[in-house]
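The values are calculated or read from the model by the stated rules, or taken from the named source; none is laboratory data. These figures come from a predicted structure and were not determined experimentally. Here Cβ is always computed from backbone atoms with ideal geometry, including for glycine, and neighbour counts include all displayed protein chains.
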Amino acid sequence: MGANPRSRLGRSDGPRKGCRTMPSNRVTIGNVELVSLSDGNGDRDPVETFPDSTREQWAEYPELLDADGHVHPRYGTAALRSGGKLIIVDTGLQAPDGTLLDDMRANGIDPGAVDLVVLTHLHPDHVGWNLTDGKPTFPNARYLAPRTDWDYWTQPSVLEASAHVQDQVMPLQDLNLLDLMDDDYNITDELKTMATPGHTPGHTSIAISSAGQRGFILGDVAHSPAQAHYTDWNPVFDIDPVRSRKTRHGVIDRLETEGPLVSAGHFPHPGLGRFVRREGRRVWQGI
Ligand SMILES: [Zn+2]
């Protein structure tokens, strides 16, 4: 979800029981196939996580709260088939009980078949499975990260305090497996990056356009379905909260207007749906 979630991580539920087939975690957008995968869930106090929010406001979302009033943000990954390539977007947290590789196996996705790993940003819950025991988890893949995030996280003072970058990003550079992307980068003819800064300086989303259909991989522009309505709420992890809030409003307004299918990695499994307006209030409508 953001910086240092490991220290706050409670249990990991994995994909919620009974949800793996219903609702479906597999959709097509034109000729692009998207499979939503999970590396487990965190366990957080929602008001501590979103200091702009109140418990009364959270009570409007009982479906997001457990018996203790906590939220369980998912550590999501999207697997995409586009242009003959198997691409995964973000690699979860790799907590001791992380489920990503099990979930890939359950969905028939072989880590050895992955051509490209795209990182929306370089927070620990998005780079966690880049390597396993110092070796690339996806042995035949190249890894792609936003240049602006790379420049930020590799500043000596930041890098020194960021074990996850030292462990899960720098070795890729040493192994010559890492490429850096600028804004509006064409991953394939159907997948184009879009700068969505604020959460981190180089935070990047991905627009999908194929055969007249559209999709959008949100990354950490939003962390909870409640932000469909409470779009001002910044999570404590945003590096530049003012910019993050502006980005969030701009992106979600546009997603509401244009209506593409959205993949939201921290939303409840499978995190696929649309931002829609219902009785004057913008809501997340999961598929
Ligand atoms: Zn995150």
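Quick check on this structure: which one of Val221, Val236, Val242 is surrounded by fewer than 24 Cβ atoms within 10 Å (Cβ to Cβ), at pLDDT 95 or above and within 13 Å of the ligand (Cβ to nearest atom)?
Going through Val221, Val236, Val242 in turn, the sole match is Val236.
Does Ala145 satisfy the condition of being aliphatic (A, V, I, L, M), more than 16 Å from the ligand (Cβ to nearest atom) and out of contact with any Lys or Arg (no Cβ under 9 Å at 6 or more places or on another chain)?
No.
Which count do you get for residues in segment 1-44 that are of a type outside the set (Gly, Ala, Ser), at pLDDT below 95 and within 16 Å of the ligand (Cβ to nearest atom)?
The total comes to 6.
For the condition more than 27 Å from Thr204 (Cβ to Cβ) and β-branched (Val, Ile, Thr), what is the one hit in Thr99, Thr91, Thr54, Thr77?
The conditions single out Thr54.
So, Val47, is that one buried (at least 21 other Cβ atoms within 10 Å of the Cβ) and either at pLDDT 95 or above or away from the ligand (no atom under 15 Å from the Cβ) (or both) or not?
So Val47 fails the test.
From the list Asp115, Asp103, which residue is more than 15 Å from the ligand (Cβ to nearest atom), within 22 Å of Ile217 (Cα to Cα) and surrounded by fewer than 20 Cβ atoms within 10 Å (Cβ to Cβ)?
Testing whether each residue is more than 15 Å from the ligand (Cβ to nearest atom), within 22 Å of Ile217 (Cα to Cα) and surrounded by fewer than 20 Cβ atoms within 10 Å (Cβ to Cβ) leaves just Asp115.
Name the single residue that is farthest from the ligand (Cβ to nearest atom) among those in segment 56-93 being of a type in the set (D, E, K, R) and surrounded by fewer than 21 Cβ atoms within 10 Å (Cβ to Cβ).
Residue satisfying both the conditions and the ranking: Glu56.
For Thr231, work out the one condition from (1) outside any loop (DSSP other than H, G, I, E, B); (2) away from the ligand (no atom under 16 Å from the Cβ) it doesn't fulfil.
(1)
Output the qualifying pairs, or none if there are none: Cβ atoms under 8 angstrom, residues six or more apart or on different chains, first residue in segment 261-287 and at pLDDT below 95, second residue surrounded by fewer than 24 Cβ atoms within 10 Å (Cβ to Cβ) and aliphatic (A, V, I, L, M).
Pairs found: Ile287/Val27; Ile287/Leu261; Ile287/Leu272.
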